[in-house]
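First up is the structure itself, then whatever we jot down about it.
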Amino acid sequence: MYFSARISIDPSQLTKIERVEPDEMFRKFLHYVTAGATSKKVEHETFTTVSVLQQMNRLFWEIDINNIIRLSHDDIDIYYDKEGKKDDLKDALDAYELTVNDAMSHHFKTLHMVLEHEDNNFVYLIEIDINRIHAVGVYPIEIKVNALMKEFRKREGEDEESVKAKMKTRFSGQDVLDQFVQEQHLAFETFINDLGLRVRKHMKIDDVKIQIDKRVVMPKAKDRKPVFKGRRKNPTREYDPVFDGYHGFGDILLYSFLWSTLLHDHHMHVSDVTLVGDNADVLGSIGAEGIDAGDADLFNADMDFDSIGADSLGDVGGFDAVTDAGADSSWFDFGDIDVGGFDI
């Protein structure tokens, strides 16, 4: 399990709404013959990258977040820390100022930042996407925050069994696990709410929306080990950056790949969580009703996930599947069928 949040920000800047033509040749033809009726409206923000970076810099320095991993301008990496350097936010911003000229600052499409942070409870991965051009109604600035529990980090010299041994103390009973998860969730919620307040303090905004949830990884591979494939070119809004393979995150992410197995082995009741695959695709969610993970083949590490179908899911009442999670999650696409208590 890890925690995920999305902070969507609508800055108080002048916005220009324009019509744009479709890219496909056939839709361009339709655009001309229908006098533009097929065009999509998009919003063009008037802020510059420099102004946004200045505001972000003040915000993060105030809460001692100064460790950056990545800074990209229109998918071009201006700064990318592959060695795990510390306190390098200023270095990245200096590199950006030297690289990006005034024209690039005004006419960019996307700006992408990834920062790392630690406190007493979590290792955080903070991803910021700034989109100058976006669909009408979609907020142009989005901050995704993933929080991994420091208590279960794989230390030097430790193996998978060592990590499991640390985890088992929290799985000694349902009450023990529930209290631990509740405490961790509260700590994460406090961090996110504080971040949201500081966004309001340092940025001129019209609105901020915050969404928080708990996530359980459902690995396809039986060895239950993270396999990183690098950042996707076009990640979805639900996509989490912890799967991007940044330096050092394999050791901290390992426990979350073991979590579902321990839930199954200890017959833990699971509720109010989002399930994600090891390719970061959202598979579905378990609501307040919850399920016994020990009775669901979905959580069984000995099962071949490619063979899991409607007849072998076990007791999964209260589970809502996402059947369009993408090509990587076809193993979980059951189509329009009724399997009794399983909502599709």
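Readers should treat all values here as calculations from the given coordinates under stated rules, not as data from a laboratory. Predicted, not measured: the structure shown is a model, and the values here were computed from it. Please note: Cβ atoms are built from the backbone with ideal geometry, for glycine as well, and neighbour counts cover all protein chains shown.
Numbers for the structure displayed
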read-out: Hz values of 3J(HN,Hα) by residue in the stretch 269-274 - Karplus curve (6.51, -1.76, 1.60), Gly and Pro given as x; value: 7, 10, 8, 6, 9, 9
read-out: Most to least packed among 184-195, 82-93, 140-151 [average Cβ atoms within 10 Å]; value: 140-151, 184-195, 82-93
read-out: Karplus (6.51, -1.76, 1.60) ³J(HN,Hα), θ = phi - 60°, over the stretch 83-96, in Hz, Gly and Pro reported as x; value: 10, x, 5, 10, 6, 10, 4, 4, 4, 5, 5, 5, 5, 5
read-out: Met218 long-range amide H proximity, modeled H, under 5 Å; value: Val276, Gly277, Asp278
read-out: Too-long pairs where the Cα-Cα distance tops 31 Å, listed order kept, from Lys166/Lys214; Lys164/Lys209; Lys90/Lys220; value: Lys164/Lys209; Lys90/Lys220
read-out: Extension gain, Glu160 back to Asp91 (0.36 nm per residue minus Cα-Cα distance, nm); value: 21.3 nm
